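Visitor: Questions regarding the structure given below will be posed in turn.
None of the figures in this text is laboratory data; all of them are computed from the coordinates on show. Because the structure is a prediction, the values reported are computed rather than measured. Note that each Cβ is placed from the backbone with ideal geometry, even for glycine, and that neighbours are counted across all protein chains shown.
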Amino acid sequence: MFVNPVRHITFDAHDPYKAAEFWSAVTGFPIHPDDAVGDDEVLLDPGQPNVPGLLFIRVPDAKTLKNRVHLDIQPATGTRDEAVERLVGLGATVVDDRRAEDGVLGWVVLADPEGNELCIERSAGERAASSSA
C-alpha cells in the first residue's frame, strides 16, 4: 500500500501572520521560528511526526463562499461552550449554532478572523459524561 501523508493544511489569508496567531491559539501549535510578521507564508509546526502543519499563504482576493473543507476542533480541556467563548474572544465569529436544545449534543460553526470556517465539537470529557448518563 502506498501512503501519501498530509504535510500541511493550507489556508489563504490576507495577513498570514495574524491568521497563524489565531490558529496557534486554537491548536497550541507554535509559529515556526523562521516566520515573522509580514511574511507571505507562515507555518504552524505541530512538532509531532505524522501531524500536518497549518500553512497560511498571502492571497490578494477575499473569501467569498463557504469553505469546501474545514477543521473540526475537539477541545482537549474544558467544554465546547468554553472553547467557543474563548475563540470568540480571540476574534472568531459565530456562523451557525448547531447545539441541541438540551445543551448536550451539537456543535458550533465559527469563522476565524479571515472568514475560514471551523467547528467546535464537544470535548472528550463531555462525550464520555453524556454516554455514561
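Visitor: At 1.306 mPa s and 10 °C, plugging the Kirkwood radius over alpha-carbon pairs of the range 53-117 into Stokes-Einstein gives what diffusion coefficient in µm²/s?
Guide: For the chosen part, D equals 119 µm²/s.
Visitor: What is the ratio of the Cα radius of gyration of the range 7-60 to 2.2 N^0.38 Å, where N is its residue count, to two decimals?
Guide: So the Cα radius of gyration is 1.00 times the expected 2.2 N^0.38 Å.
Visitor: Hey, what do the phi angles of the range 75-90 turn into as Karplus ³J(HN,Hα) couplings, whole Hz, using 6.51/-1.76/1.60 and θ = phi - 60°, x for Gly and Pro?
Guide: x, 6, 9, x, 10, 4, 5, 5, 5, 4, 4, 5, 6, 4, x, 8
Visitor: Multiplying the sequence separation of Arg98 and Asp15 by 0.36 nm and subtracting their Cα-Cα distance, what value in nm do you get?
Guide: Additional length available on full extension: 27.0 nm.
Visitor: Further, regarding this structure: With charges only on Cβ, +1 for K and R and -1 for D and E, what is the dipole size of the range 70-133 about its Cα centre, in debye, rounded to 20?
Guide: About 200 debye.
Visitor: According to a simple spin-label model (label point 7 Å from Cα along Cα-to-Cβ), what is the distance in nm between Leu105 and Thr64?
Guide: 3.8 nm
Visitor: Compute the normalised compactness of the chain: alpha-carbon radius of gyration over 2.2 N^0.38 Å, N being the residue count.
Guide: Dividing the Cα Rg of the chain by 2.2 N^0.38 Å gives 1.13.
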